[in-house]
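The values are calculated or read from the model by the stated rules, or taken from the named source; none is laboratory data. Computed from a predicted model, the values in this text were never measured in an experiment. No Cβ is skipped: glycine too gets one built from the backbone with ideal geometry, and neighbour counts run over all protein chains shown. Surface accessibility is based on the protein's heavy atoms, side chains included, excluding ligands, DNA and RNA. Shrake-Rupley method; radii C 1.70, N 1.55, O 1.52, S 1.80 Å.
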Amino acid sequence: MELTGTEYDGPLAQRGIGVIAPFDLALERELWRWAPLEVSFHLARTPFEPVPVSLEMAQRVSDVAVLQAATRELLGVEPEVVAYLCSSGSFVHGREGEVALGDAIRAAGAPDAVTSSGALAEAVTALGLRHVSVITPYDQPLTERLVGFLGELGVEVVTAQHLGLGGGIWRVNYRTVAELVCAADDPASEALFVSCTNLPTYDIIGPLERDLGKPVLTANQLTVWACLARMGLPTTGPGRWLREVFGP
């Protein structure tokens, strides 16, 4: 029998993004929504650390040796870029520490590297942001590290709202996040940044941008779109201001 239908053509050529995720990431399903169909995510997790979300956890999950080992685990599927999908782990040591993490991932064999906080820095530059509000699920000391990281980028944090959670961040509902975003908004803020790759945000970005009239940037959005930009692939999902600068 001759197979003549176009159904047999394919599958669509797969292009991979390697993802190094903290051990407690529970939002893999959100990652897939940010990318076109030909993109696959290949995940490696950092080792379990029995500590609450805190400065200590951020330091542990961003250990260079751990990230390089995870990178090597991903090389077998030939990712085009490897992303360190963690906001706090990539801003906890400031801008210099974030750059060092990307360098370490490339040194371990990745063709290219992105970190969540590095993607934030790219968005800040691309959008020309100088005044933002931030929303985090963290405690105050960790939130202050994010404020410091943005300060190194020349960005003033106008307001900062945090939930003070030590775990279970993926269980936070959309309404809680949206209310925090609205509480953080300020006329002086040019955009709002929602930190943490484990905080659900996908379906509320569009409505919040519509209602607030300014960019709402989130950690998973920025990280995936920075990877897609390096791959020359189109962006999908909400974020009309950001799409204009990250799209090919």
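Total residues in the range 37-69 satisfying the condition of being assigned to a loop (DSSP other than H, G, I, E, B) and open to solvent by 50 Å² or more (accessible area, probe 1.4 Å): the figure is 6. How about the range 133-151: which of its residues are open to solvent by less than 10 Å² (accessible area, probe 1.4 Å) and of a type outside the set (Ser, Thr, Tyr)? Answer for the range 133-151, where residues must be open to solvent by less than 10 Å² (accessible area, probe 1.4 Å) and of a type outside the set (Ser, Thr, Tyr): 134, 135, 137, 142, 146, 149, 150. Close contacts from the range 7-27, counting a first residue that is assigned to a loop (DSSP other than H, G, I, E, B) and a second that is of a type outside the set (Gly, Ala, Ser) and surrounded by fewer than 13 Cβ atoms within 10 Å (Cβ to Cβ), with Cβ to Cβ under 8 Å and a gap of 6+ residues or different chains, come to 12/37; 23/47; 23/48. Taking each residue of the range 160-171 that is farther than 11 Å from residue 53 by Cβ and looking for partners that are small (Gly, Ala, Ser) with beta-carbon atoms closer than 6 Å, six or more apart or interchain, yields 161/183; 161/184; 170/26. Restricting attention to the range 194-210, the residues that are over 14 Å from residue 180 (Cβ atoms) and either charged (D, E, K, R) or outside any helix (DSSP H, G or I) (or both) total 5.
Does at least one position in the range 209-229 carry a residue that is closer than 21 Å to residue 85 by Cβ, touching a Pro at 6+ places or on another chain (Cβ under 9 Å) and acidic (Asp, Glu)? Looking through the range 209-229, none of the residues is closer than 21 Å to residue 85 by Cβ, touching a Pro at 6+ places or on another chain (Cβ under 9 Å) and acidic (Asp, Glu).
Among the aliphatic types (A, V, I, L, M) and within 22 Å of residue 220 (Cβ to Cβ): is that true of residue 69 in this structure? Criteria not met by residue 69. If only one of 238, 200 is under 13 Å from the mean Cα position of the chain (by Cα) and surrounded by 18 or more Cβ atoms within 10 Å (Cβ to Cβ), which one is it? None of the other options fit; the residue is 200. Considering only residues that are small (Gly, Ala, Ser) and more than 19 Å from residue 169 (Cα to Cα), look in the range 17-36 and name the one that is surrounded by the most Cβ atoms within 10 Å (Cβ to Cβ). Applying the filter and picking the extreme gives 18. Each residue in the range 148-163 was checked for being out of contact with any His (no Cβ under 7 Å at 6 or more places or on another chain) and farther than 28 Å from residue 230 by Cβ, and 5 of them qualify.
Quick check on residue 172: is it surrounded by fewer than 20 Cβ atoms within 10 Å (Cβ to Cβ) and within 30 Å of residue 45 (Cα to Cα)?
Taking the combined requirement at face value, the residue satisfies it.
Yes/no matrix, rows are residues, columns are (1) of a type in the set (S, T, N, Q); (2) touching a strand residue (DSSP E or B) at 6+ places or on another chain (Cβ under 9 Å); (3) closer than 22 Å to residue 147 by Cα:
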position: 190; (1), (2), (3): no, yes, yes
position: 195; (1), (2), (3): yes, yes, yes
position: 203; (1), (2), (3): no, no, no
position: 216; (1), (2), (3): no, yes, yes
position: 226; (1), (2), (3): no, yes, yes
position: 234; (1), (2), (3): no, no, no
position: 238; (1), (2), (3): no, yes, no
position: 243; (1), (2), (3): no, no, no
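Among residues of the range 206-231 that are more than 16 Å from residue 27 (Cα to Cα), those with a beta-carbon under 6 Å from a residue that is open to solvent by 40 Å² or more (accessible area, probe 1.4 Å) and part of a helix (DSSP H, G or I) at least six positions away or on a different chain give the pairs 215/241; 226/122.
Inside the range 41-90, can you point out the residues that are over 20 Å from residue 170 (Cα atoms) and of a type in the set (A, V, I, L, M, F, W, C)? Listed by number, the residues that qualify are 64, 65, 66, 67, 69, 70, 74, 75, 77, 81, 82. Looking only at the range 176-197, residues that are farther than 14 Å from residue 221 by Cβ and open to solvent by less than 10 Å² (accessible area, probe 1.4 Å) come to 2 in all.
Tallying residues that are out of contact with any strand residue (DSSP E or B) (no Cβ under 7 Å at 6 or more places or on another chain) and either surrounded by 24 or more Cβ atoms within 10 Å (Cβ to Cβ) or in a helix (DSSP H, G or I) (or both) within the range 93-115 yields 9.
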